Amino acid sequence: MRDLEIRGAGNLLGTQQSGHIAAIGFDLYCQLLQQSIAQMQGKRTAPRPDAALRTDFIINSETQFAAKSRKDYLGAFLPREYISDAALRISAYKDLAAVRTLKEADNLLRAWEDRFGPAPETVRHLLDSHKIKILASHANISMVEISGQRLMLTRNGDFILLSNKFPRLASAAPADKLRETLDMLKNI
């Protein structure tokens, strides 16, 4: 931090911090700064996965998931039984938000398993959901929506259609729909 102050970045965490940091948050500011530095150095960086994912079967809340049928819904979260400390769980979500490639997602899973033990299905579903966002972002897809058997992909405000129809998922089971969507996006 002192080095940044010497170089003219100002007091990043104090009351005199830059208005830009206050507006967007310190973590996002650091990510954007890191991305800009890499670009200036001529390094290629993967874009932040900012595609949206909407499904009728994924639940991201542990409390809501407990009240639903496990047959019809998938949990996609870090359960308390897996990471009991709230601060560690928040840090793990933060680490996930920084993941930009499939390789980084796989490395994150290995790191979590090394630290917390074998990952439950909810953790794997959370990572698969993030992988869908990564693949969609790389294909310039802004929205991935799964409703029933329909896979609706939006690029530049328009739906991506195959033979004038939405792509259909063959699987009816929620976990299979998630994997099938991942496979389809890998081939786009």
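The values are calculated or read from the model by the stated rules, or taken from the named source; none is laboratory data. Predicted model, so just to flag it, every value in this text is computed and none were measured. Reconstructed Cβ throughout: ideal geometry from the backbone, glycine too, with neighbour counts over all protein chains shown. Keep in mind that these areas ignore ligands, DNA and RNA; they rest on the heavy atoms of the full protein, side chains included. Shrake-Rupley method; radii C 1.70, N 1.55, O 1.52, S 1.80 Å.
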Original post:
Which of the residues spanning segment 158-175 are surrounded by 11 or more Cβ atoms within 10 Å (Cβ to Cβ), under 22 Å from ARG124 (Cβ atoms) and not polar (S, T, N, Q)?
Top reply: LEU169, ALA173, PRO174, ALA175
Original post:
All but one of (1) in contact with a His (Cβ under 7 Å, 6 or more places away or on another chain); (2) open to solvent by 30 Å² or more (accessible area, probe 1.4 Å) hold for LEU96; which doesn't?
Top reply: (2)
**OP:** Please tell me if ILE141 is open to solvent by less than 50 Å² (accessible area, probe 1.4 Å), over 21 Å from LEU109 (Cβ atoms) and not in a strand (DSSP E or B).
**Re:** yes
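Would you confirm whether or not segment 146-157 contains a residue that is within 20 Å of ASP56 (Cβ to Cβ), loosely packed, with under 15 Cβ neighbours inside 10 Å and touching a strand residue (DSSP E or B) at 6+ places or on another chain (Cβ under 6 Å)? Before you say what the answer is, go through the steps one by one.
Restricting attention to segment 146-157, the residues satisfying the condition of being within 20 Å of ASP56 (Cβ to Cβ) are 146-154.
Now drop any that are not loosely packed, with under 15 Cβ neighbours inside 10 Å, which leaves 147-150.
Still in the list and also touching a strand residue (DSSP E or B) at 6+ places or on another chain (Cβ under 6 Å): 149.
Within segment 146-157, one or more residues are within 20 Å of ASP56 (Cβ to Cβ), loosely packed, with under 15 Cβ neighbours inside 10 Å and touching a strand residue (DSSP E or B) at 6+ places or on another chain (Cβ under 6 Å).
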**OP:** Return the pairs, sorted by first residue and then second, in which the second residue is of a type in the set (Asp, Glu) and in a helix (DSSP H, G or I), the first residue lies in segment 105-121 and is at negative phi, the beta carbons are less than 7 Å apart, and the residues are 6+ apart or on different chains.
**Re:** LEU108/ASP95; ALA119/GLU113
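The rows are residues; the columns are (1) hydrophobic (A, V, I, L, M, F, W, C); (2) in contact with a strand residue (DSSP E or B) (Cβ under 6 Å, 6 or more places away or on another chain); (3) open to solvent by 60 Å² or more (accessible area, probe 1.4 Å).
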residue	(1), (2), (3)
GLU62	no, no, no
ALA92	yes, no, no
LEU102	yes, no, no
PRO118	no, no, yes
**OP:** Kindly indicate the residue of segment 127-138 that is of a type in the set (A, V, I, L, M) and open to solvent by less than 20 Å² (accessible area, probe 1.4 Å) and also farthest from ALA97 (Cα to Cα) among those meeting that condition.
**Re:** ALA136
